[in-house]
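To start, the structure itself, in structure tokens.
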Amino acid sequence: MKHAKASSVLVTLRIHEEEVTLSIADNGQGYEPEKVLDKGGLGLVSMKERVEKIDGQLIVRSILGEGTEVKISAPLKWEGRSLGGDPIKTDPSEVAP
């Protein structure tokens, strides 16, 4: 809201069978993503690095005067771990009743 000067923000979280998707969209002033990424601004570089660590994908769409959408999609499981960070139990004896 601070940077975008938005009056409305829509946050959507969808959990599919093997993927989770988070979308944050606003009706703010928008910007030119390619110019910001070159400067490393607004934390987008950090967001991209974090999403890549969980084998995810970051998509940023923005139009000047119309707003911005940041969308993150990631698998629910990667490298033997769940998004909660706990190891995935594969042995039934390890799973609490």
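Summary of values
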{"quantity": "Checklist (1) within 17 Å of the chain's Cα centre (by Cα); (2) assigned to a loop (DSSP other than H, G, I, E, B); (3) modelled with pLDDT of 90 or more applied to Gly84, failing item", "calculated": "(3)"}
{"quantity": "Pair list, Cβ < 7 Å and 6+ apart or interchain, from region 9-20 residues that are hydroxyl-bearing (Ser, Thr, Tyr) to residues that are surrounded by 11 or more Cβ atoms within 10 Å (Cβ to Cβ) and in a strand (DSSP E or B)", "calculated": "Thr12/Ser23"}
{"quantity": "Qualifying positions in region 56-71 - assigned to a loop (DSSP other than H, G, I, E, B) and either farther than 13 Å from Glu19 by Cβ or modelled with pLDDT under 90 (or both)", "calculated": "Leu64, Gly65, Glu66"}
{"quantity": "Residue within region 19-38 that is exposed (fewer than 14 other Cβ atoms within 10 Å of the Cβ), among the β-branched types (Val, Ile, Thr) and either over 14 Å from Val70 (Cα atoms) or at pLDDT 90 or above (or both) present", "calculated": "no"}
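Matching residues to (1) touching a strand residue (DSSP E or B) at 6+ places or on another chain (Cβ under 8 Å); (2) modelled with pLDDT under 70; (3) of a type in the set (Ser, Thr, Tyr):
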site: Met1; (1), (2), (3): yes, yes, no
site: Lys5; (1), (2), (3): no, no, no
site: Ser73; (1), (2), (3): yes, no, yes
site: Gly80; (1), (2), (3): yes, yes, no
site: Ile88; (1), (2), (3): yes, yes, no
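The values are calculated or read from the model by the stated rules, or taken from the named source; none is laboratory data. Small disclaimer: the values here were computed from a predicted structure and weren't measured. Cβ sites come from the backbone with ideal geometry, for glycine too, and all protein chains shown count toward neighbours.
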